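Following: one structure in structure tokens, then a few remarks.
Just so it is clear, none of the values below were taken in a lab; they were calculated from the coordinates. Computed from a predicted structure; not experimentally measured. Here Cβ is always computed from backbone atoms with ideal geometry, including for glycine, and neighbour counts include all displayed protein chains.
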Amino acid sequence: MTLQKTKHTFIYKRIVLGLVLGLSFPSFAASFETTQTFAKQGDAFHQAKLGMMYLDGQTVHTNNVKAFGWTQKAAYQGHSVAQHNLGLMYENGVGVPRNYILAANWYQKAADKDFSSAQSNLGIMYQEGRGIPQDYIKAIEWFQKAADQGNIEAQHNLGITYQEGRGVPQDYVKASEWFQKAADQGFADSQHNLGVAYYKGRGVPQDDTKAFEWIQKAADQDFANAQYSLGMMYQEGRGVPQDDTKAIEWFQKAADQDYKEAQIMLEKLYRKSENASQNIAKETEWLRELANQGNASAQGLLGIAYLEGKGVKQNTTEGFKWLRKAATQGSAGAQVLLALGYEDGVEDGLEKDETLAKKWYWEACNKGRQTGCEGYEKLANK
């Protein structure tokens, strides 16, 4: 079994209202009018606050350009939160054209004031050479400053740095130590990476039970990597009793977030349906239970079982009924099968309808399914 590999992408602190305001601002109890009045009088605190209001759409319609304008005014007055957010705006092109040089410049100003989120983001800029020359040593220095303040993104980023050996000797023990610090604060990326470390015995003693526990914590936060990994653990019975039903449930959760590995795994289940059908008589009940609960993968598998008459009495009408349910929920595999049925028509099951065939091929194509694109193109060019 192969778990989803640990996430090697460095994590930016996003422009998140609650996180940023929790550091420096009280709640938005004051009215928009009051905040705007003080902001127009030149008060940096209220200028930064007004920028966040426009950015988040709190008590006023979202306006990224105005958000940038007010944030910039506060930043020029030395407000560290505003300087950090201005860096993020330049980094992501929010309310202003993207400019990595200016992003790094504003991160630097806030980082020099010991603002941990800016320190972490500045570390990433140095790590990746975005807006400033690439410098792994400086990246680590800034990550360390932020991590020492308890910044979870920086702690995670240090874990990645040691895991990958970027600017430091590769050290799985130190990587796991930093992942542990961020994981203990509830950071899903680090919880998943720590779980994989326990699974592989990399930097920590191998322990399937702890691996499952940490991956479960991340999966419960809708982290798609972890949902996929949890599905694999249920499928193989590592750290938890083997349970195909739960494996499919977690694969589906990850697939619903367009997680490619999970989509591929579910596709394999479709393709292996012929082999699986040898035991489907026993499994029909749990498949049907899942299908009735709205699980698209189970609906597709049940549809195939009815079409092929393996484990259940063959019934093309019932088969396409379940495939249609799965297709409607966005299952690309079911969409292709449904399109094939409509394209040629199926006796006692589905009338030929090239318009509907094109529709379902198109839906599958939009989800990246090459057979869907080919099917749509073939019908469109007839």
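Numbers for the structure displayed
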quantity	calculated
For the chain, calculated [θ]222 nm from helices alone, where every DSSP H run of n ≥ 4 adds -39500 (n - 2.57)	-21000 deg cm²/dmol
P(r) histogram, all alpha-carbon pairs of the chain included - 10 Å bins from 0, percent	5, 19, 20, 20, 19, 12, 4, 0
Derived scalar couplings ³J(HN,Hα) [region 296-308; Karplus, 6.51 cos²θ - 1.76 cosθ + 1.60; whole Hz; x for Gly, Pro]	5, 5, 5, 4, x, 5, 5, x, 5, 4, 5, 5, 8
Reachable lysines from K73, criterion Cα separation under 20 angstrom, eight or more residues apart if same chain	K40, K49, K109, K113
Rounded tilt (10° steps) of 244-255 against the dominant C-alpha axis of the chain	50 degrees
Quotient of C-alpha Rg and 2.2 N^0.38 Å, computed over region 161-269	1.07
Modelled FRET efficiency - R0 22 Å, R98 with T62, Cβ distances, 0.05 increments	0.70
Convex hull volume per residue for region 57-173, taking Cα atoms only, in Å³	103 Å³
Subset of K181/K268; K268/K325; K138/K181; K310/K382 violating a 29 Å alpha-carbon distance limit	K181/K268; K310/K382
Cα long-axis angle, helix 152-164 against the chain (0 to 90 degrees, to the nearest 10)	70 degrees
